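A short worksheet on the structure shown next.
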Amino acid sequence: MSVTVTGVVKNSPADRAHIQSGDVLLKVNGNEISDVLDYMYYTAEDIIRLVLKRDDKFIMLKLNKSEYDDLGLEFSSFLMDEKQSCSNKCVFCFIDQMPPGMRETLYFKDDDARLSFLQGNYVTLTNLKDKDIDRIIKMRLNINVSVHTTNPELRCKMMNNRFAGEKLKYLKKLTDNGIILNCQLVLCPGINDGEEFKRTLRDLSELMPNISSIAAVPVGITKYREGLFPLRLFTKEEAEKTIGIAEEFQREFLEKFGTRLIFLSDEFYILAERDIPDADYYEGYPQYENGVGMLRSLEDEFSDAFEELSKKKYPPRRVSIATGRLAYGFISELARRVNETIDNVHCDVYAIRNDYFGETITVSGLITAQDIMAQLKDKQLGDELLLPSNMIMRNSDIFLDDYTVSDVEKALNIKVRITENDGRALLEGILGL
């Protein structure tokens, strides 16, 4: 295997060694380089021996650098390779139930262990072979795994992959060799909840202490499920039962391992009409990106900032917030505190119904510009409209439906402020800071 250099950072070790764009990197310290993991692992030393090919000539170089410093080579893609796509056809897959006509990249299903280590993506392990697991162990790569169930037959059924059950053996091999795993369970009512949920928690607890955390999230269902496996949403009673199971195991795990280990996403508590647990309950929010404790963190950050900022004087200001239905009650309560305490400042909150994906989708991260524009066009929005940053693509101003922040501003004739998913940032946005 080899990779082509597409650029060299000025004044870097590679630049000082006169490596050029177009050179082909063949080996680092005697090891072939096939992707970014190989590159990062084998270039971590302070003395690097490279084998490159330039046109028809082979070049051997020795570079000295500080340990872990980057060589300064650039490549055509972050992975230095193609992303690995998912080989499963999971009954709950969200991408399979997305509307047609969206940009092509949104339909790509990645299942790449390299992205799990580098970016926190979850992988099912079904793409991996023994040699891949051995490399993970050799490089000491802690990863995130979509388990869903530890029942081999049920896992094959849920993933529509006849190898999904046997790949569970990798969980034990990884943890036996000291690899730390975060695990994810997408719970589907009547399929892998209830007794199957209990079985999964028991089985994963046997891999301790190298399971760092387990997150359980409820299945999401859009209106685009024609011809797909019949699924339904959790009822209030089923959400309460799931919380009860989790709490039973949390008490056991806390006594046995010193951690609750299993955490439920905020959706279960809202469905069950239960209060979100306190911050200590989440043990540092290890599954925050799965929506586990996100609302608790938001409220606590808001409250800390409120203690400081509510004592100051502000010029007259009226703003609006658009959010998904799931968080509407929560955000409304924060706005109420502002309206009742801070003179001259008023905040209105609007729950956006998800017509684009279907009303059963209630999270703010899947709200589109089209729904915002359609549902707020006749509203009195005040001086600014605040939108959470998870509504737009990272490092851009583009919504899921390819409309931009500027499009929303023009349609509603109002300035839009994007606020980070942080309680202090939300309050500062309301106050115009």
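Report the full-extension gain for the segment ALA411 to LYS10: residue separation times 0.36 nm, less the Cα-Cα distance, to one decimal in nm. Let's see the in-between values first.
Numbers: separation 401, 0.36 × 401 = 144.36 nm, distance 4.48 nm.
Separation in residues times 0.36 nm, less the Cα-Cα distance, equals 139.9 nm.
Quote to one decimal, in nm, the extra length available between LYS313 and GLU248 on full extension: 0.36 nm per residue of separation minus the C-alpha distance between them.
Details: separation 65, 0.36 × 65 = 23.40 nm, distance 4.79 nm.
Going from the current span to full extension adds 18.6 nm.
For the chain, build the charge dipole from Cβ charges (+1 Lys, Arg; -1 Asp, Glu) around the Cα centre, then report which of LEU298, ILE59, LEU115 sits farthest towards its positive end.
After comparing all options, I get ILE59.
Wrap a convex hull around the Cα atoms of region 237-396, take a quarter of its surface area, and give that in square nanometres. Let's see the in-between values first.
Details: hull surface 45.8 nm².
Here the figure is 11.5 nm², rounded to one decimal.
Helix 194-205 versus the longest principal axis of the chain: what angle, 0 to 90°, nearest 10, using Cα atoms?
40
What pairs from LYS167/LYS198; LYS173/LYS223; LYS313/LYS377; LYS53/LYS109; LYS109/LYS157 go past 28 Å between their alpha carbons? Each step should come with its number before you reach the end.
Details: LYS167/LYS198 20 Å; LYS173/LYS223 40 Å; LYS313/LYS377 31 Å; LYS53/LYS109 34 Å; LYS109/LYS157 19 Å.
Where the Cα-Cα span goes over 28 Å, the pairs concerned are LYS173/LYS223; LYS313/LYS377; LYS53/LYS109.
Which shape class, rounded, prolate or oblate, goes with region 158-271 when its Cα gyration tensor gives a ≥ b ≥ c as root eigenvalues, a/c under 1.5 marks rounded, and past that a/b bigger than b/c marks prolate?
oblate
Which three numbers, in whole Å and largest first, are the semi-axes of the equivalent ellipsoid of region 212-266 derived from its Cα gyration tensor as √(5λ)? Working shown, then result.
Working: eigenvalues 175, 30, 11 Å².
One finds semi-axes of 30, 12, 7 Å for region 212-266.
Please express the shape of region 362-433 as an equivalent ellipsoid: the semi-axes are the square roots of 5 times the eigenvalues of the C-alpha gyration tensor, given largest first in whole angstrom.
Values: eigenvalues 62, 51, 23 Å².
Each semi-axis is √(5λ); the values are 18, 16, 11 Å.
Among all the aspartates and glutamates, which ones have a C-alpha under 14 Å from LYS83's C-alpha, if same-chain residues fewer than 8 places away are not counted?
Filter leaves ASP35, ASP110, ASP111, ASP112.
So which GluC sites (Glu not before Pro) in region 257-333 are both in a DSSP loop and have at most 12 other Cβ atoms within 10 Å of their Cβ?
Values: sites: GLU267, GLU273, GLU283, GLU289, GLU299, GLU301, GLU307, GLU308, GLU333; in loops: GLU273, GLU283.
Sites meeting the loop and neighbour criteria: GLU273.
Could you grab the Rg to Rh ratio for region 1-69? Cα atoms only, Kirkwood for Rh. Please report the intermediate quantities before stating the final value.
Numbers: Rg = 11.1 Å, Rh = 12.1 Å.
Reported Rg/Rh (Cα atoms, Kirkwood Rh): 0.92.
Students often forget the sequence filter, so: which lysines lie under 16 Å Cα-Cα from LYS172 once same-chain residues fewer than 8 apart are removed?
LYS129, LYS131, LYS138
Compute the whole-percent fraction of alpha carbon pairs in region 31-125 spaced more than 17 Å apart. The partial results should precede the final answer.
Numbers: 2874 of 4465 pairs.
In whole percent, the share of Cα-Cα pairs in region 31-125 beyond 17 Å is 64.
Over the Cα atoms of region 78-225, what Rg and Dmax result, in angstrom?
15.3, 45
Using the C-alpha atoms of the chain, what convex hull volume per residue, in cubic angstrom, is computed? Can you show the working numbers first?
Numbers: hull volume 80.1 nm³, N = 433.
Spread over its residues, the Cα hull of the chain gives 185 Å³ apiece.
If you average the C-alpha positions of region 162-199 and of region 263-300 separately, how far apart do those two centres end up, in angstrom?
One Cα centre to the other: 22 Å.
Give me the net charge of ILE137's neighbourhood, meaning all other residues with Cβ under 14 Å from the Cβ of ILE137; Lys, Arg count +1, Asp, Glu -1. Don't skip to the end; give the middle numbers.
Numbers: positive: LYS129, LYS131, ARG135, LYS138, ARG140, LYS169, LYS172, LYS173; negative: ASP130, ASP132, ASP134, ASP176.
Here the charged neighbours net out to +4.
Okay, helix-only estimate at 222 nm for the chain: each DSSP H run of n ≥ 4 adds -39500 (n - 2.57), divide by all residues, round to 500 deg cm²/dmol; what do you get? Each step should come with its number before you reach the end.
Details: 14 runs with 142 residues, N = 433.
Roughly -9500 deg cm²/dmol at 222 nm, from the helical runs in the chain.
Taking the Cα centre of region 334-433 as origin, work out the dipole magnitude from +1 charges on Lys and Arg Cβ and -1 charges on Asp and Glu Cβ, in debye rounded to 20.
Details: 10 positive and 17 negative charges, 27 e Å.
Using Cβ point charges on Lys, Arg, Asp and Glu, region 334-433 gives about 120 debye.
Per residue, what volume in Å³ does the convex hull of the Cα atoms of region 279-368 enclose? Could you put the intermediate results ahead of the total?
On the way: hull volume 9.6 nm³, N = 90.
Considering the Cα atoms of region 279-368, their hull volume per residue is 107 Å³.
Every read-out reported here was derived from the displayed coordinates using simple, explicitly stated rules and does not represent laboratory data. Every value quoted in this text rests on a predicted model; they were computed, and no experiment measured them. Cβ: placed from backbone, ideal geometry, glycine included. Neighbour counts: every protein chain shown.
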